[in-house]
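Data first, discussion second: the structure below is written as structure tokens.
The values are calculated or read from the model by the stated rules, or taken from the named source; none is laboratory data. Bear in mind the structure is a predicted one, so any value in this text is a computation, not a measurement. Quick reminder, even Gly has a Cβ in these numbers, built from the backbone with ideal geometry, and neighbours come from all protein chains shown.
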Amino acid sequence: MLRLVFALALVLFGFFAAPHAFAQIGSDGDQPGYVPTEDEEQLDPKWQKTVVFYRTAEAPGTIIVNTNERFLYLVLGNGRALRYGIGVGRDGFQWQGLLKITNKKEWPDWTPPAEMIERQPYLPRFMAGGPGNPLGARAMYLGTTVYRIHGTNQPQTIGTAVSSGCFRLTNPDVMDLYDRVPVGTKVIVLQQPNI
């Protein structure tokens, strides 16, 4: 009985002394349950949202994702775009294509697809939306695929290739983008740099 009480006290001490140690860390940078601090949400200036000169024939309101650059561009027109730093798919999970945003959700629930569970069996089977959810504050669903443009509870992954094919922004950035684009927005995903 004394051993049981001691073991329980040790577990409780560990939980309260280091609560983030109990958030599971995945090979794709996901930590279900982890809530980033305000300081962690601050990006290196390279990845911060900014208006840039951007030459394209696409209409204003179009989203262009350049996975090689690790930037998402929202075309503003007149040779300008709003550029956001993003996290992209790791090797083997990168793709390109033309889709539309088919759904939008605030603080979306997360149900990892079966393929992800197979690769990462430690992941939860379901996680309610909220600050510790890996999908972050907003999600925009791309066509009928499993891919989304979404927030993250791991802002340090912006500028990296770590996801399972989705595009992640900081929560403040994804909330900004979410408010700017409607369902039906054209999304172009590029892998090759423009020449």
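Has the range 78-86 got any residue that is closer than 23 Å to GLN48 by Cβ, under 15 Å from the mean Cα position of the chain (by Cα) and of a type outside the set (Phe, Trp, Tyr)? Spell out how you get there, then give the answer.
Going through the range 78-86, the residues closer than 23 Å to GLN48 by Cβ turn out to be 78-86.
When the remaining residues are screened for being under 15 Å from the mean Cα position of the chain (by Cα), the result is 84-86.
Checking which are of a type outside the set (Phe, Trp, Tyr) leaves us with 85-86.
There is at least one residue in the range 78-86 that is closer than 23 Å to GLN48 by Cβ, under 15 Å from the mean Cα position of the chain (by Cα) and of a type outside the set (Phe, Trp, Tyr).
Name the residues in the range 143-192 that are among the β-branched types (Val, Ile, Thr), more than 14 Å from GLY61 (Cβ to Cβ) and either part of a helix (DSSP H, G or I) or more than 14 Å from the chain's Cα centre (by Cα) (or both), would you?
Those that are among the β-branched types (Val, Ile, Thr), more than 14 Å from GLY61 (Cβ to Cβ) and either part of a helix (DSSP H, G or I) or more than 14 Å from the chain's Cα centre (by Cα) (or both): THR144, THR145, THR157, VAL174, VAL189.
Residues that are over 26 Å from THR157 (Cβ atoms): which strands (runs of 3 or more DSSP E) entirely in the range 47-86 hold 1 or more of them? Talk me through it step by step, then tell me what you get.
Details: elements: 50-53, 63-66, 71-77, 80-85.
Result: 50-53, 71-77, 80-85.
Considering each residue of the range 96-110, count those that are within 15 Å of VAL189 (Cα to Cα) and either modelled with pLDDT of 95 or more or surrounded by 13 or more Cβ atoms within 10 Å (Cβ to Cβ) (or both), and give that number.
Looking only at the range 96-110, we keep the residues that are within 15 Å of VAL189 (Cα to Cα), and these are 96-101.
Restricting the remaining residues to those that are either modelled with pLDDT of 95 or more or surrounded by 13 or more Cβ atoms within 10 Å (Cβ to Cβ) (or both) gives 97-101.
The qualifying residues number 5.
If I ask for residues that are more than 10 Å from ASN103 (Cβ to Cβ) and either buried (at least 16 other Cβ atoms within 10 Å of the Cβ) or modelled with pLDDT of 95 or more (or both), which ones from the range 131-142 would you list?
We begin by selecting, within the range 131-142, every residue more than 10 Å from ASN103 (Cβ to Cβ); these are 131-138.
Across the range 131-142, the qualifying residues are GLY132, ASN133, PRO134, LEU135, GLY136, ALA137, ARG138.
Take ILE158 and tell me if it is more than 21 Å from GLN192 (Cβ to Cβ), surrounded by fewer than 21 Cβ atoms within 10 Å (Cβ to Cβ) and among the hydrophobic types (A, V, I, L, M, F, W, C). It would help to see each step written out before you state the result.
On the way: more than 21 Å from GLN192 (Cβ to Cβ): yes; surrounded by fewer than 21 Cβ atoms within 10 Å (Cβ to Cβ): no; among the hydrophobic types (A, V, I, L, M, F, W, C): yes.
So ILE158 does not fit the description; no.
Condition check: modelled with pLDDT of 95 or more, surrounded by fewer than 21 Cβ atoms within 10 Å (Cβ to Cβ) and over 25 Å from THR37 (Cα atoms). Does THR145 satisfy that? Please lay out each step first, then the result.
Working: modelled with pLDDT of 95 or more: no; surrounded by fewer than 21 Cβ atoms within 10 Å (Cβ to Cβ): yes; over 25 Å from THR37 (Cα atoms): yes.
Against the criterion (modelled with pLDDT of 95 or more, surrounded by fewer than 21 Cβ atoms within 10 Å (Cβ to Cβ) and over 25 Å from THR37 (Cα atoms)), THR145 does not qualify.
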